[in-house]
Amino acid sequence: MSSKFNNNPTAKSERITRLVENLYRNMPEIEPARAVLLTESYKETEGEPIIMRRAKAFAHILANIPITIRDEELIVGSSTLAPRGCQTFPEFSYEWLEAEFDTIEKRSADPFYISEETKKQLAEVHKYWKGKTTSELALSYMAPEAARAIEHNIFTPGNYFYNGVGHVTVQYDKVLEIGLEGIIREAAAELAGCSVGDGDYARRHCFLEAVIMSCAAVIGYAGRYAALAAKEAQQCTDAERKQELLQIASNCERVPAKGARSFQEACQSFWFIQQLLQMESSGHSISPGRFDQYMYPYYKKDLDEGRITRDQAQELVDCIWVKLNDLNKARDAASAEGFAGYSLFQNLIVGGQDEDGRDVTNDLSFLCIWASAHVFLPQPSLSVRVWNCTPHELLVEAARLTRTGIGLPAYYNDEVIIPSLMNRGLTLEDARTYNII
């Protein structure tokens, strides 16, 4: 009996091999740009509501942080100039980093290179943050016994004490469909409906203004990449790469401002959102969720209309997998030992069912599994939803990946998880659409 799935593995392009090699050529590096720009903004907004301060700082960072397009990449947007580099987040904490300035490059777990100039710049901006960090706020809420227990390593809040919390999956599908301009329109309409007589007017007004400002900042950031790609295309002498750069420029002019019209635009739009969530919040487990579901319509449309081949689509997915490993963060030495491997735990899950209980495995589900085999790196934390209607072909391809020893994918059982979620109060329809954080 023939399969309804085209489960013939796609080829790994040589581009992906070179992108991975470039990613791991040097030790990850700590860069100071975000911390410097954040501090500049915060100094100018003292006394304003904190949500507006955060939005203005985010906008200032995205308008001024150095940007780069790495050789050969098709999906652009990098938080640092150095591959696998990281920015710092002094609004959460900084004292642990200063204490490790001279050891972070030599530690056994997740070392980072940090230049003397970067140390100097960070030490200067850290002066502003004394008494203003979230870790200091958290400590102020603790009983003296709890603080002493942390000091003596009896327990530690670790990651969540020094960094953002994360653990979210956002509505990527909404951005892909209506773009950030659509979200701005929604926020502006709600803002217009606010009345100064409302009890929550001040809070809602500030929040909606911050939403509009933040979305506009991301659109401006994408525009910077469009301009950079166009400039590099003008200077490029290789005809094939020149065309790629022109396509990148076109993509970034369109998304994530507007809805995606093609699979490549959808990939680029997804990536800007994923990258900048991390840039803004320093969270853990900012997870793409059901990637094979919200990306599939763009893939299928392009495939059906002959605008893309499966191999070309596979290369784009592989490029996203590379980019997910480009994101990085520096943790304190104790947390680094507990979470060694520079992991950000970005969980991406394929398969499963829709709200009506129909299996939704599709061709992109397979491309995601093969992307993990091609790139062969820890991110994304690939997972597979399994249940009694999971196609045999998907289980076989997942098992092939397991046999490589990479430690992926993780398997999640719908027939246990869905009833468990219903026991917690979710409807059957909502429980069927779960993803893993």
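Since every read-out is calculated from the coordinates, none of them should be taken as a lab result. Since the structure is predicted, the reported quantities are computational estimates derived from the model, not experimental observations. Every residue, glycine as well, gets a Cβ built from its backbone with ideal geometry; the counts of neighbours run over all protein chains shown.
Quick notes
- In loop segments of segment 4-55 as defined by DSSP, the GluC sites (Glu not before Pro) with at most 15 further C-beta atoms inside 10 Å of their C-beta are E46.
- Checking every one of the chymotrypsin sites (Phe, Trp or Tyr not before Pro) in segment 153-218 against DSSP loop status and a limit of 14 other Cβ atoms within 10 Å picks out F155.
- Under 5 Å from the amide H of H167 lie the amide H atoms of H284, S285, I286, each residue being 5 or more positions distant or on a separate chain, with H modelled from the backbone and absent for Pro and chain starts.
- Each Lys and Arg Cβ is given +1 and each Asp and Glu Cβ -1; about its Cα centre, the chain then shows a dipole of about 180 debye.
- GNM top mover of D311, D200, D332 - the chain, alpha-carbon springs below 10 Å: D200
- Share antiparallel - DSSP beta bridges, the chain, percent rounded to 5: 5
- Since only V20, P49, T39 are under comparison, the one whose Cα sits farthest along the positive direction of the charge dipole of segment 16-61, derived from C-beta charges on Lys, Arg, Asp and Glu, is V20.
- Counting only DSSP H runs of at least 4 residues, each contributing -39500 (n - 2.57), and dividing by the residue count of the chain, the helix-based mean residue ellipticity at 222 nm comes to -17000 deg cm²/dmol.
- Remark: the A123-E151 segment gains 7.8 nm on full extension, using 0.36 nm per residue and subtracting the alpha carbon distance.
- Pair-distance distribution P(r) for segment 129-247, from all Cα-Cα distances in 10 Å bins starting at 0: 10, 20, 22, 23, 17, 7, 1 percent.
- Fraction of alpha-carbon pairs over 15 Å apart in segment 178-259 - percent: 63
- Segment D311-K258, length gained on full extension (0.36 nm per residue, minus Cα span): 16.4 nm
- 0 to 90° range, to nearest 10: angle between helix 14-23 axis and the chain longest Cα axis: 20
- Helix 414-423 axis, angle to the chain major axis (alpha carbon atoms, nearest 10°): 50
- Folded to 0 to 90 degrees: helix 239-254 orientation relative to the chain principal axis, Cα: 70
- Remark: segment 336-424 carries a charge dipole of roughly 280 debye about the Cα centre, counting +1 on each Lys and Arg Cβ and -1 on each Asp and Glu Cβ.
- Between I349, I65, I286, the residue with the greatest mean-square fluctuation in the GNM of the chain (Cα pairs under 10 Å linked by springs) is I65.
- Remark: for residue pairs K43/K174; K231/K258; K43/K119; K120/K258; K119/K323; K301/K329, the C-alpha separation exceeds 30 Å in K43/K174; K120/K258; K301/K329.
- Rg in Å to one decimal, and Dmax rounded to a whole Å, for the chain via C-alpha atoms: 22.5, 70
- Of A340, A35, A398, the one that fluctuates the most in a GNM where the chain has Cα springs shorter than 10 Å: A340
- Sequence-separation-based contact order of segment 14-345, relative, with Cα cut under 8 Å and 6+ spacing, percent: 26
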